[in-house]
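Structure record follows, encoded as structure tokens.
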Amino acid sequence: MLHHEFITNAKAHPDKIAIVDKTTGNDLSYGRALLASLILSRRFRKLERGRIGIMLPTGSGAALAVVGSLMAGLTPVMINYSTGAKKNCHYAQGKCDFKTIITARALLERVGCAELPEMVFIEDILASLGSLEKALALVKSKMSAGLIKKLCGKNDLKSPAVILFTSGSEKDPKVVQLTQQNLLSNINSFSDMMDVRGMDNLLAVLPFFHVFGLTISLWTPLCLGMTSIAYANPLDFKTIAQIIKEHKPQLLIGTPLFLEGYARHSAPGDFASVELTVTGADKCPESLRKLYREKHDIEIFEGYGTTETSPVISINPRDNNRPGSIGVPIPGTVVKIEAIETGDACETGEIGKILVKGDGVMSGYLNDMEESHLRLKSGWYDTGDLGCIDEEGYLWHVGRLKRFVKIGGEMISLVMVEEALASLLSDNIECCVVELPDAKRGSRIVGVTTRAIDEKEISKQLSEDLPNLALPKKYVVVEEFPYMGSGKTDFRTLTTMVRDMEDAS
């Protein structure tokens, strides 16, 4: 059990710092974290039964709320505050049947969200603690680890550990319930394969409402007895680069967008403490690998995962990194490639659908039998991604099946077009391509850039590498791309923006 692992570490090393919270300026020891979690668990039991919403930024408050929820026998429902907090609160409540949402006023102010009647503020809870409450929690915290675990629920690895929502970058978010076993198996396999157990601290800036942040930035350090160096805003590149320099994390985890920002605001030598840098959630460009090599003599290890798989599916081994691939499956996870049309097993190197099986795979989407049946068959989860496995067992990601379009009877990869376009543009111009409906061909490709480009010259150069069907027929400028909280491009919002621009023209 996740919270049982935390209790073990808290009792074994009560004075060790669990979280260095750079947003609030407070350091939290494991002993104090145990005490605070016990206090919150008692309060949470009075507020809810079954599930409880948590909408808090990365830091000690969010960590304590998640741990306290599980100690209270509640499943934390992690709410994304970066893509419309109020809307996401109502969406989560409607999908998951709960009312109470634990949050903070400072966060609401930051994201421009109005207070909702069901919200309970963590600062109010902490300010209203009575002496009896504190005394009871203190007595509990002094008990043996075994007794505290018994008081915090039975050992059931099949019990739910969290409810998360898929990114919603392509359609409405799906509700993913992950069990204790799902998360623990992922933490253990990732930590063993990447030799994380020998490390003492990590940088925790990814949001906990994203599975990458929840598993690696929150639960991995608590289960392994590490120190988290936490900061609430992963887009504050300059501050985080300074935090890395001053607090010297050994493990650096982030999406490509975040990692690039940190490197560009750093100087050679600032990342000297970093022993392992891992990226995922988006394709790692070669330019980012080059930046880290030249500036910090650091190799980036790319991995691959999904919300439904807790999240890590594969990662490049530390002793055999193969840049461009997404690595080999972690222990306990099996991957197979299936032909899109027939469902037959693909040959080595042949591109097909990526299917995954293992202890990290969810049992299904919450209250959605239809979608669960579509994506899960005989324990195999269909990721919706396309890829292939080479002769040495490395997995190569080609793109989302939904990011392929059929034009003139041919399947065109939007990712392939984006990569070709990006290779022709300067580093200060972002680009993307989106699909819009076309009366004659069914679909057409529109190029989107953050600055105006020489469309005629770019089209001429693209035609040397891409078939005519894959060439963008039009380009539009969107000065600032919409992003998800994880750092992924929000394709759904971007496509809507482009469509609205076309309708207005």
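With respect to residue 302, is the statement that it is closer than 30 Å to residue 157 by Cα and in contact with a Cys (Cβ under 8 Å, 6 or more places away or on another chain) true? Walk me through how you get there before you give the answer.
Values: closer than 30 Å to residue 157 by Cα: yes; in contact with a Cys (Cβ under 8 Å, 6 or more places away or on another chain): yes.
Against the criterion (closer than 30 Å to residue 157 by Cα and in contact with a Cys (Cβ under 8 Å, 6 or more places away or on another chain)), residue 302 qualifies.
When you scan segment 1-99 for strands (runs of 3 or more DSSP E) that lie fully inside it, which ones turn up with 2 or more residues that are in contact with a strand residue (DSSP E or B) (Cβ under 7 Å, 6 or more places away or on another chain) and buried (at least 24 other Cβ atoms within 10 Å of the Cβ)?
Answer list for segment 1-99: 17-21, 51-54, 75-78.
So which strands (runs of 3 or more DSSP E) are wholly in segment 387-505 and hold at least 1 residues that are more than 30 Å from residue 347 (Cα to Cα), modelled with pLDDT of 90 or more and small (Gly, Ala, Ser)?
Qualifying strands (runs of 3 or more DSSP E): 442-449.
Look through segment 130-144, keep the residues that are of a type in the set (A, V, I, L, M, F, W, C) and assigned to a helix (DSSP H, G or I), and return whichever of them is nearest to the chain's Cα centre (by Cα).
Taking the candidates together, the pick is 137.
With closer than 30 Å to residue 237 by Cβ, modelled with pLDDT under 95 and of a type in the set (A, V, I, L, M) as the only criterion, which of 33, 85, 18, 65 stands out?
85
Look through segment 233-254, keep the residues that are under 15 Å from the mean Cα position of the chain (by Cα) and crowded, with 22+ Cβ neighbours inside 10 Å, and return whichever of them is farthest from residue 12 (Cα to Cα).
234
What do you reckon, is residue 216 touching a residue at least 24 places away in the same chain (Cβ under 8 Å), out of contact with any strand residue (DSSP E or B) (no Cβ under 8 Å at 6 or more places or on another chain) and under 21 Å from residue 303 (Cβ atoms)?
So residue 216 does not fit the description; no.
Anything in segment 330-350 that is assigned to a loop (DSSP other than H, G, I, E, B) and crowded, with 18+ Cβ neighbours inside 10 Å? List them, or say none.
If the condition is that a residue be assigned to a loop (DSSP other than H, G, I, E, B) and crowded, with 18+ Cβ neighbours inside 10 Å, then 330, 346 are the ones that fit.
Pick from segment 366-386 the residues that are part of a loop (DSSP other than H, G, I, E, B), closer than 20 Å to residue 165 by Cα and not acidic (Asp, Glu): which of them is modelled with the highest pLDDT?
That would be 366.
Quick check: anything in segment 284-300 part of a helix (DSSP H, G or I), hydrophobic (A, V, I, L, M, F, W, C), closer than 26 Å to residue 76 by Cα and modelled with pLDDT of 95 or more?
no
Looking at residue 448, is it in contact with a helix residue (DSSP H, G or I) (Cβ under 9 Å, 6 or more places away or on another chain), closer than 27 Å to residue 279 by Cβ and outside the structural domain of residue 205 (by TED's automatic domain parsing)?
Answer is yes for this residue.
Which members of segment 359-415 meet the condition of being among the hydroxyl-bearing types (Ser, Thr, Tyr), touching a strand residue (DSSP E or B) at 6+ places or on another chain (Cβ under 7 Å) and touching a residue at least 60 places away in the same chain (Cβ under 8 Å)?
Scanning segment 359-415 gives 365, 381, 383, 394.
So for segment 310-332 (the condition being farther than 30 Å from residue 263 by Cα and small (Gly, Ala, Ser)), does at least one residue qualify?
Scanning segment 310-332, I find at least one residue that is farther than 30 Å from residue 263 by Cα and small (Gly, Ala, Ser), so the answer is yes.
From the list 363, 325, which residue is closer than 17 Å to residue 400 by Cα, part of a loop (DSSP other than H, G, I, E, B) and among the polar types (S, T, N, Q)?
325
Could you say which residue among 321, 316 is over 30 Å from residue 162 (Cα atoms) and modelled with pLDDT of 95 or more?
Result of the check over 321, 316: 321.
The values are calculated or read from the model by the stated rules, or taken from the named source; none is laboratory data. Quantities reported herein were computed from a predicted structural model and do not represent experimental measurements. No Cβ is skipped: glycine too gets one built from the backbone with ideal geometry, and neighbour counts run over all protein chains shown.
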